[in-house]
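Contents: one structure, followed by commentary.
No lab work stands behind these numbers, since they all come straight from the coordinates. Everything numeric here is computed off the predicted structure, so don't read it as measured data. Here the Cβ is made from the backbone with ideal geometry for all residues, glycine too, and neighbour counts use every protein chain on show.
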Amino acid sequence: MLKGGIESNALKFLTDEDIKKIHQASMTVLAEAGVEIHERAALDLCAEKGARVDYDRNRACFNEDLVMQAVETAPSTVTIYGRGDDSRNITLGGTKVYMGTGGTALNVIDFDRKRRKTTVEDIAKTARLINGLDNIHFFVIPCYPNELDTEVVDVNRFYHSINNTTKPIMGGLFTEDGVDRVINMAAEIAGGLDKLVERPFISFISSILSPLKFDDVRTRMLMKISKAGLPVATSCAPLAGATSPVTLAGTLVQLNAEALSGVVLSQLVHPGAPILYSAVPTIMDMQTMSFLFGSVESGIMNAAAAQMAQFYKLPLYSTGGISDSKQPDQQAGYEKVLTALMPALAGANFIHEAAGQLDSGMTISYAQYVIDNDINGQVMRAVRGIEVDEYTLAAEVITKVGPGGNFLAEKQTAKKMRTEFYYPKVSNRTNYAGWEQAGCKDTWTLAEEVARQILENHTPDSIPEEIDKKIREMEPGIK
Amino acid sequence: MFDYSLIINGIIEGDAQTVQQFTKQALREKYPPDKILERGLIAGINIIAEKFKTERVLVPEVLRSTRAMHAGMAELQPYLKIKPNTSVKAVLGTVAGDLHDIGKFLVNMLVSSVGVTVIDLGVNVSPKKFVDAVRRERPVFLMMSALLTTTMWDMKEVIDELISAGLREQVKVIVGGTPITVEFAREIGADYYFEDAFELKNFLQDNFNKLKNK
C-alpha cells in the first residue's frame, strides 16, 4: 500500500520562462477581457475592492496587484479531513500527490455489465467500495441520484457519502439552498459549525464556466462556501478548440485566468478562505464535436497546471485517470494511465476523476474502481521514484553475492521486496498455464470479483446512531 | 521442556543462525533428533508452505526459510536414524543449456528434509550425464528442472535416452520449473509434475514408506 501525499516534481513541461509568460498573458486577459459575473452582490464586492466593473456588460476586470493580493491571502495548503480518522486526511499543496474519484456520472455499468441510470444506492455503494481501496485517497461524489426530486439531491448525495466512507469528501451542488442544508448536516456530525470549519471532512465544487464566466447560482454558492470558510474548488473546464484556444499554451493561459479569478472572488469574500486552484483542461474532438476527457493533451495540460499552481503556491484541484471509453477495456486502461501519470509526476495535488469513471465522465463502473485502484497504486509508485542511499545502492550485497550468484535469498530482498515493487490486485502475472487453470479471466472479471468481495465484507464506520436520527429529522427527504 | 517454537520462529524469520543455535541446544538437552526434525524444522517449514500457498510470503522468504531449515538439518544429520544408504534416493539436475538453480535448490532442501537422499548433478546437465547417474545410483526418482522454454524439450531427450538405455522402467521421472505444465509432462512421458517444491515434498512425505519398501 502506498499512502497519498508523496511528493514529485519529476515532470516539467514548462520552463520557468514559460510559466512567467503564461502568467503575464493571463494577467492581460484578466485586466482586459476580465470575467463575466451575473451575480450583482459579487460585482459590487469586486467594485468595492478595486476591480474595474462594467455593470452593463456584467464584467469585472482585475489588475495584477489585485490578483496577486488574493494569491497571497489564499492558504498555500488546504487540509480536507478523514471523518474521525486522521490517517485519512489529505493535505493539499506544494508537490504532494493524492488521487481520488470524480463526478458527476448519470449512468453505471453494474455487475450484470448492463448500463443503467444511477441511483442514490450507487452513491452509498461507491463510497463503501472506495473506503476499502487503498489507492483511492478521497471521494468526490461520483454520480447523480436520478430517481430523487431535485430538492433532496444535495443532502442525499452528501449524506450517503459521509455515511459510507471516512475518506475526505468533495461534491458538486445542484440546488442553492443545498449548500446551507449540507453544511448544517455536516456541522451536526462534526459537533458544531466551528468544528466543521476547523476540521472539514466535506468540501465543495462550484464551477466557473469557460470561457471566463460566472453564472449567478454558482457564484452565490461559491460566495456562501467561502464565507463559511469551507474548502471549495471552482472546476474550470476549458475545452481546447471550442471554449478555449486550440493551442495548449492558449488554453493554459485562459485556464490560469479562470482559476485565479475563482481565487480572487473567494478571497474578496473572505481573505484566507480555503480555495483550490482548479483545473479541468480538456480538448474537443474536431471530427465529431465530442467533448474528450481522456486525451494525451489533457494529461500534458494537467501536468502544466500543476506547475502553475506551484508557481502561485496554491493547492491544486487537478484532473487525471480519465477515459472516453465506454467500458473497462484497453482504451480505458491506456487513457487512464496516460492522464494520471503525467499530472502525478508533475506533483498535482488532488487528482480527481482518477477512479471509476468511463464514457467521458458520464458513466461509472464498479469494476473500474478496482482497476483504477491498481493504476493509481502504480502511478503512486512512479511518484515515489527511486530511493538512493547507502542501503539501497547495495554495493555490499552485490559484492557478497558475487558474479553468477543470485539475490533471491538475501536479507535485503526479503526486507525491501514489498516496498520496492508494487503488487497489483487484478493483473494477470502468472504463466499461460496458470492463467488457464485460474479460468482465463480478464482484468474486468477479476476486478468484478474484488469489487463484489469488498462490497459484501467491508463495513465503514457509519454516522453514529443518535446523530443520524437528528439528521433524518432535519432532512426527512434522506432516503 | 524444550520450546520448539524457538526453532519454528527462526525458520519463519529465515534466520539460519538462530535455527542452528536452537537445534544444537535441543540436541544438547537430549531431545530425540527425529522429534526436533518433526516438531521444529518440519513444523516451521510447513507454516511457510501454508503461507506461500495463500500468498502471504513470497519466494525470497521461502528461500531464506529453507536455508534456515537446512542449517538445522546439518546439525541433526549425524544423529538421524534414517541413514542415507537406507533411504530413498533421487537424482536431481537442471537440464542442458539451462543455468537456473534457485528452484532446484529449493527442491533439494525440501526433498532432503523428508529423508530422501539427493544426488544433485547441478546445472546444465547433459542427457548422457543424467542417464549415467541413473545407471550408477539406481535412484527411485529422476528429478529434472528447466526454467526456459528453449531448454524444456531437453527433458524429452533425457527420457528418450533412458528408454534407449533400457533404464526407463527402473526410475520415476519428475519434472518441474516455470514453463512446465502437467500437459507438457504427459506429452514427454514423465511420471509426475508438481507445481512447486512444497507439493513435491508433500507427495514424498505421504508416500515415503511405500517408496522405501519397494
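For the segment A:226-238, counting C-beta atoms of other chains within 10 Å of every residue's C-beta and taking the mean gives 0. By how many degrees, between 0 and 90 and to the nearest 10, does the Cα long axis of helix A:216-228 differ from the longest principal axis of chain A? Value to nearest ten degrees: 70. Computed from backbone phi with θ = phi - 60° and the Karplus coefficients 6.51, -1.76 and 1.60, the 3J(HN,Hα) list for segment A:416-421 is 9, 5, 7, 9, 6, 10 Hz; x is used for glycine and proline. Under 5 Å between amide hydrogens, built in the peptide plane, is the criterion, and for A:PHE350 it picks out A:TYR98, A:LEU316, A:SER318 among residues at least 5 positions away or on other chains.
In plain terms, the bigger the Kirkwood radius, the slower the diffusion; for segment A:255-388, with that radius from Cα pairs, at 10 °C and 1.306 mPa s, Stokes-Einstein puts D at 104 µm²/s. Relative to the dominant Cα principal axis of chain A, helix A:296-312 is inclined by about 60°. For the cross-link pairs A:LYS416/B:LYS24; A:LYS125/A:LYS313; A:LYS195/A:LYS227; A:LYS416/B:LYS89; A:LYS416/B:LYS53, the ones whose C-alpha atoms lie over 27 Å apart are A:LYS416/B:LYS24; A:LYS125/A:LYS313; A:LYS416/B:LYS89.
Across segment A:263-270, coupling constants 3J(HN,Hα) worked out from phi with the 6.51/-1.76/1.60 Karplus curve, θ = phi - 60°, read 4, 4, 4, 4, 6, 5, 5, 7 Hz, and Gly and Pro carry x. With R₀ fixed at 60 Å, the C-beta to C-beta distance from B:ARG28 to B:GLU187 puts the FRET efficiency at about 0.70. Peptides B:143-152, A:316-325, ordered by how many other C-beta atoms sit within 10 Å of their residues on average, highest first, read A:316-325, B:143-152. The gain in end-to-end length when the A:THR150 to A:ASN63 segment is fully stretched comes to 27.4 nm, 0.36 nm per residue minus the alpha carbon separation. Phi-derived couplings, Karplus 6.51 cos²θ - 1.76 cosθ + 1.60 at θ = phi - 60°, listed residue by residue for segment A:105-110: 7, 10, 10, 9, 8, 7 Hz, with x used for Gly and Pro. Here segment A:7-86 is described by how far its Cα atoms reach on the three principal axes: 46, 42, 19 Å, from widest to narrowest. Solvent-free Debye calculation, one equal scatterer per alpha-carbon of chain B: log10 I(q)/I(0) at 0.09 Å⁻¹ equals -0.36. The ranking of A:ARG116, A:ARG381 by Cβ neighbour count inside 10 Å, starting from the fewest, reads A:ARG116, A:ARG381. For segment A:124-194 and segment B:142-191, what is the separation of their Cα centres, given in Å? When both Cα centres are located, 62 Å separates them.
Any chance you could check the Cα centroid distance between segment A:412-447 and segment B:1-65 for me, in angstrom? The two parts, judged by their Cα centres, are 28 Å apart. In segment A:44-176, Cα pairs under 8 Å separated by at least six residues give a relative contact order of 23 percent.
Take B:189-201, A:289-301 and order them by the average number of nearby Cβ atoms within 10 Å per residue, most first; the result is A:289-301, B:189-201.
A compact globular protein would have a Cα radius of gyration near 2.2 N^0.38 Å; the ratio found for chain A is 1.00.
The loop-placed trypsin sites (Lys or Arg not before Pro) in segment A:397-471, going by DSSP, that have at most 15 neighbouring Cβ atoms within 10 Å of their Cβ come out as A:ARG429, A:LYS441. Remark: mean inter-chain Cβ contacts per residue of A:405-418 equal 5, using a 10 Å Cβ-Cβ cutoff to other protein chain atoms. Need one word for segment B:18-88: rounded, prolate or oblate. Basis is the Cα gyration tensor (sqrt eigenvalues a ≥ b ≥ c); a/c below 1.5 gives rounded, then a/b vs b/c decides. It comes out prolate by the Cα gyration axes.
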